[in-house]
Amino acid sequence: MDRRKLIKIGALGSILGLSKSVFGETSNGILIKENNLIDNEPKKMIYPKIVSTWNHGMAANQKAWETIKNGGTALDAIEQGLRVTESDLTNRSVGIGGMPDRTGHVTLDACIMDEQSRCGSVAFLEGIDHPISVARKVMETTQHVMLVGKGAKDFAIENGFSKIKTPLPEVKAEWKKWLKEQEKIVKQPQINHENHDTIGMLAMDKDGNICGGCTTSGWAYKLHGRVGDSPIIGAGLFIDNEVGGAVATGLGEAIIRIAGSHTVVELMRQGASAMEACKETVDRIIKKHKNLEGLQCGFLAIDKNGSVGAFSVYNGFNFAYTDEKQHKMIDAHFDRTW
């Protein structure tokens with residue numbers, strides 16, 4: 001073997017060693033034995049699978065899985081699954097049960113994206129049932145991607161979507177209590193386990209097509225008019241069927257700053273695994289902020305081979321995973337402890 005070949009092999013070994021040291025262990029000492037949390041064996045048929053953020057993803061995944069098994073597309077699965085969470089009266093971060101902004105208005109955001117890179121979105125939508133379905137209607141029947149505020153509501157009503165009354169009485173009572181607290185002290189709400197503000201879902205059908213969606217009522221007691229990352233294509237959600245898809249959760253302002261979900265997908269395009277791409281994107285968020293107190297962000301991704309990865313700034317982020325063999329919650333890897 002000549003000297004030039006030896007140099008090339010040595011360089012390759014150094015690169016592989018560096019990759020293992022960077023992605024083989026998190027800074028909190030948890031060993032990652034695989035590049036992804038869920039790995040398909042290579043060169044085997046891709047079976048349908050669903051992943052979604054947080055515990056409420058279990059019920060959403062179940063409905064999405066039923067949709068696919070009954071012949072629906074990945075896009076159908078996304079819509080039907082997320083509608084379950086939007087209808088959950090006990091959920092305080094999505095849909096009808098969501099928390100209001102500081103003026104007492106519950107404003108809803110949602111987006112959806114299919115395997116052809118078509119996308120639809122609604123933001124600052126109030127008093128309308130199932131914003132994820134409105135987002136799909138925008139995608140499929142208009143030349144636009146995003147409708148907001150009164151325009152989004154008018155569009156929804158014109159297309160037969162049901163009206164809802166928000167906030168729920170118990171939610172309104174909690175908001176009034178919060179208002180009284182503000183008279184004594186300026187209280188900054190935190191993104192935490194109880195206020196994680198979104199559900200994002202990715203679905204892969206039997207043909208390997210990937211679609212995704214997000215829906216949320218946003219940050220509790222936010223400024224009136226605030227819109228986070230969830231309805232923004234490239235921030236809260238991004239799909240490229242040649243590569244994979246990603247969704248985000250957590251503090252939307254931080255995710256928007258780095259076009260988080262798009263960043264994850266582009267890193268996978270460059271050869272990173274789903275896990276590596278999520279971790280690198282979290283690292284970028286950490287580098288952009290001097291103060292990480294209360295700044296929880298997480299990413300969930302699936303690549304074209306069906307491998308799944310998830311990573312967050314702090315511990316506590318988990319996701320629902322469903323395929324033919326299992327339906328369970330999985331804890332994401334993380335950078336640091338609370």
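Since every read-out is calculated from the coordinates, none of them should be taken as a lab result. This structure is a prediction, so every number in the text was calculated from the model and none was measured. All Cβ positions, even for glycine, are placed from backbone atoms using ideal geometry, and neighbour counts span all protein chains on display.
With θ taken as phi - 60° and the Karplus curve 6.51 cos²θ - 1.76 cosθ + 1.60 applied, the whole-hertz 3J(HN,Hα) list for region 315-330 is 5, x, 7, 9, 9, 8, 10, 9, 9, 5, 9, 8, 9, 7, 8, 10 Hz, x standing for glycine and proline. With a threshold of 19 Å on the Cα-Cα distance, the over-threshold entries among K153/K177; K172/K222; K180/K222 are K153/K177. In this rough spin-label picture, where each label sits 7 Å from Cα along the Cβ direction, the N70-A173 distance is 3.6 nm. Taken over region 34-336, the percentage of Cα pairs per 20 Å bin, counting from 0 up to the bin with the maximum distance, is 38, 56, 5, 0.
Loop only by DSSP, 10 or fewer other Cβ within 10 Å of the Cβ. Give me the trypsin sites (Lys or Arg not before Pro) in region 244-311 that pass, ordered by residue number.
Answer in residue order: K290.
Rounded to the nearest 0.05, what FRET efficiency is calculated for I286 and E158 with R0 set to 41 Å and r the Cβ-Cβ distance? E(calc), rounded to 0.05, equals 0.40.
Look at the alpha carbon pairs under 8 Å that are at least 6 residues apart: their mean separation over the length of region 215-338 gives a relative contact order of 19 percent. So, in Å, what gap is there between the alpha-carbon centers of region 97-119 and region 130-188? Cα centres, region 97-119 to region 130-188: 7 Å.
Just rank C119, C297, C214, C278, fewest to most, by other beta-carbon atoms within 10 angstrom. Ordered from fewest to most neighbouring Cβ atoms within 10 Å, C119, C297, C214, C278 come out as C119, C297, C278, C214.
Once you list every other residue whose beta carbon is under 12 Å from the beta carbon of V282, what net charge do they have if Lys and Arg are +1 and Asp and Glu are -1? Local net charge: +1. As a ratio to 2.2 N^0.38 Å, the alpha-carbon radius of gyration computed for region 66-174 takes the value 1.08. Counting every other Cβ atom within 10 Å of each residue's Cβ, K328, K63 order from fewest to most as K328, K63. Close amide H contacts of S307 (hydrogens built in the peptide plane, cut-off under 5 Å, sequence separation of 5 or more or a different chain): N40.
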